[in-house]
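Quick notes on the structure that follows.
The values are calculated or read from the model by the stated rules, or taken from the named source; none is laboratory data. None of these values were measured; they are calculated from a predicted model. Using ideal geometry, Cβ is built from the backbone for each residue, glycine included, and neighbour counts are taken over all protein chains shown. The protein model used for the area step is the full one, side chains on, heavy atoms only, and it has no ligands, DNA or RNA in it. Shrake-Rupley method; radii C 1.70, N 1.55, O 1.52, S 1.80 Å.
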Amino acid sequence: MNIKRLIRKSVRTLEPYKAKEIVCKVKLDANESPYGYPSLLKEAMKVKTNRYPDPEGKALKREASKRWKVPARNILLSNGSDELIYYLVTAFGGPVLYPTPTFSMYGIISNALGEKTIPVPLTDDFDIDIKKTEAKIKRYRPHLIFLSSPNNPTGNCFSEDKLLKILEISPAVVVIDEAYQPFSEKNHLPLLKKYRNLAIMRTLSKIGFASLRVGFLISNPEITEVVNRVRLPFNVNSLSQTVATEVFRNYDNIEKDIERLKRERDRLYQRLRHLKGIEVFPSEANFILFRTKGARTLHRRLLKEGVLIRDITSQIKDCLRVTVGTEEENEIFIATLAKLLK
Ligand code: PMP
C-alpha cells in the first residue's frame with residue numbers, strides 16, 4: 001500500500017507551516033503579546049461543557065459589532081484568521097495574488113488547495129509595486145488579493161493611494177488583513193461603505209489572546225454569506241467565544257496595554273537604531289524587522305543565549321524579526337544582541 005500515491009497533487013510537495021515549540025528564556029518570535037489576562041477567564045467557568053457552541057457566535061458578534069461600528073451580520077467568526085484564509089480560498093478560489101514578502105499562509109493555503117498563486121515582489125522600500133501589480137491583475141484576473149496592513153514581516157503599511165488603486169481596478173475580492181491594525185494608525189473599516197469587493201480580517205491573537213484562536217471577517221453580507229457556505233459548523237468553541245466576548249467588554253484595559261506596547265516598540269526601535277551594524281526598519285506593528293550581516297548565524301547565537309526571535313533571511317536578505325516584549329525582555333534581547341555584535 002503506497003499512501004504517497006494517494007496524496008492530492010497540490011499537497012505532494014507542500015511544506016507545513018513552521019510553528020515549532022523551542023525552549024527559550026525570552027520568546028520574541030511569534031508576534032504574541034507579552035501581556036496576559038487570566039481574570040477574563042472567569043466567565044469561561046460558566047460554559048456548559050456538554051453543549052455545542054452557539055453556531056453563530058451571537059454574543060461575540062454583538063460586542064464586536066458595537067466596538068467596530070459595523071452591523072453584526074457583516075461579521076463572520078473563525079478559529080483564528082488563518083482559518084479565514086482557508087475559507088476565503090475555498091469559497092472564491094484562485095488565482096490568488098499577494099505582494100511578497102508577506103504572511104506565508106496566503107501562499108501555503110492557496111497551494112494546498114491547488115490554486116494558482118501570483119506573488120508580486122514589493123519595492124525596495126517594502127511598498128506595493130503598483131505597475132507590476134496592475135499588470136498581473138490584468139493578465140491573471142485573480143479572484144482573491146491579500147494585502148496585510150501592516151505587513152508581516154516588514155512592519156509597514158502600504159501607501160494608501162496604491163491600496164485604493166488596487167480596490168478600484170480589481171475584479172477580485174480584496175482582503176485587507178488587519179492582524180496588526182491595533183498597533184497602527186490606519187484602519188480600513190470605513191472603506192467597507194464604499195467598496196463591495198473589500199473584506200477585512202481581524203484577530204485577537206496579537207493583543208493578548210493567541211490561545212483563544214478567534215478571528216473575524218468583516219465585509220458585506222454578499223461576501224460573508226459566500227464564506228459562510230464553507231465554514232465548518234461550530235468552528236469557534238464555547239470557551240473562546242465566551243472569553244472573546246469578555247475581551248470586548250474589557251477593551252479599555254486592553255487598549256491601555258496596546259498603547260504601552262506601542263511606546264515600548266518605539267523605544268526598542270531607538271535602541272536598535274543606535275546599535276552599530278544594524279539597519280532597522282520602521283514598524284506600525286508589534287514587531288520590528290532589522291538587517292544585519294550574518295543574520296542567520298546571529299539568530300542561532302541569540303537562541304544559544306536563550307533569546308528566540310524570527311529568522312526572515314529566506315524571505316529578505318540578512319533580515320531578522322523581533323517581537324516587542326516587555327521592557328525587561330526587550331532589554332535582555334538588546335544586551336544579548338549588543339554582546340554578540342561586538
Ligand atoms: N495574518 C497575519 C498577517 C499574521 O501575521 C498572522 C499571524 N502570524 C495571522 C494572520 C494569523 O493570525 P491568527 O492567529 O488569527 O490565525
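Comparing Lys20, Lys116, Lys136 in a Gaussian network model of the chain, where Cα atoms under 10 Å apart are tied by springs, the biggest mean-square fluctuation is seen for Lys20. I need the shape label for region 1-56. Rule: rounded when a/c is under 1.5, else prolate if a/b > b/c, else oblate, with a, b, c from the alpha carbon gyration tensor. Oblate, since a/c reaches 1.5 and b/c is not below a/b.
I want the antiparallel fraction of DSSP beta bridges within the chain, as a percent rounded to 5.
50 percent
Based on Cα contacts under 8 Å between residues 6+ apart, region 54-249 shows a relative contact order of 28 percent. Using C-alpha pairs below 8 Å separated by at least 6 residues, the relative contact order for the chain is 24 percent. Think of it as helices only: each DSSP H run of n ≥ 4 in the chain is worth -39500 (n - 2.57), and spread over all residues that comes to -11000 deg cm²/dmol at 222 nm. Measuring r between the beta carbons of Lys4 and Ser104 and using R0 = 22 Å, the FRET efficiency lands at 0.35.
State whether region 79-225 is rounded, prolate or oblate according to the following rule on the C-alpha gyration tensor (a ≥ b ≥ c being the square roots of its eigenvalues): a/c under 1.5 gives rounded; otherwise a/b larger than b/c gives prolate, and the remaining case gives oblate. Since a/c stays below 1.5, the shape of region 79-225 is classed as rounded. Between Arg265, Arg67, Arg296, the residue with the greatest mean-square fluctuation in the GNM of the chain (Cα pairs under 10 Å linked by springs) is Arg67. If I build a Gaussian network model for the chain, linking alpha-carbon pairs within less than 10 angstrom, which residue out of Ala30, Ala135, Ala179 has the largest mean-square fluctuation? Checking each option, the largest mean-square fluctuation is seen for Ala135. Here the simple spin-label model places points 7 Å from the Cα toward Cβ, and for Arg267 and Lys186 these points are separated by 2.8 nm. In this simple spin-label approximation, Arg12 and Thr49 carry label points 7 Å from Cα along the Cα→Cβ vector, and these lie 4.6 nm apart.
For Leu113 and Arg260, the FRET efficiency from 1/(1 + (r/R0)^6), where r spans their Cβ atoms and R0 equals 56 Å, is about 0.90. Counted over the chain with a bin width of 20 Å, the fraction of Cα pairs per bin, in whole percents, is 29, 58, 12, 0.
Is region 89-154 rounded, prolate or oblate when judged by the Cα gyration tensor, a ≥ b ≥ c being the square roots of its eigenvalues, rounded requiring a/c under 1.5 and prolate requiring a/b larger than b/c? Since a/c reaches 1.5 but b/c is at least a/b, the shape of region 89-154 is classed as oblate. Accessible surface calculations at 1.4 Å, restricted to protein heavy atoms, place region 54-249 at 39 Å² per residue. Charge tally for Lys42 (other residues, Cβ to Cβ under 14 Å; Lys, Arg +1; Asp, Glu -1): 0. A simple spin-label model places the labels of Glu21 and Gln315 2.4 nm from each other, with each point 7 Å out along Cα-to-Cβ.
Coordinate range of the alpha-carbon atoms in region 170-313 per principal axis, descending: 52, 39, 28 Å.
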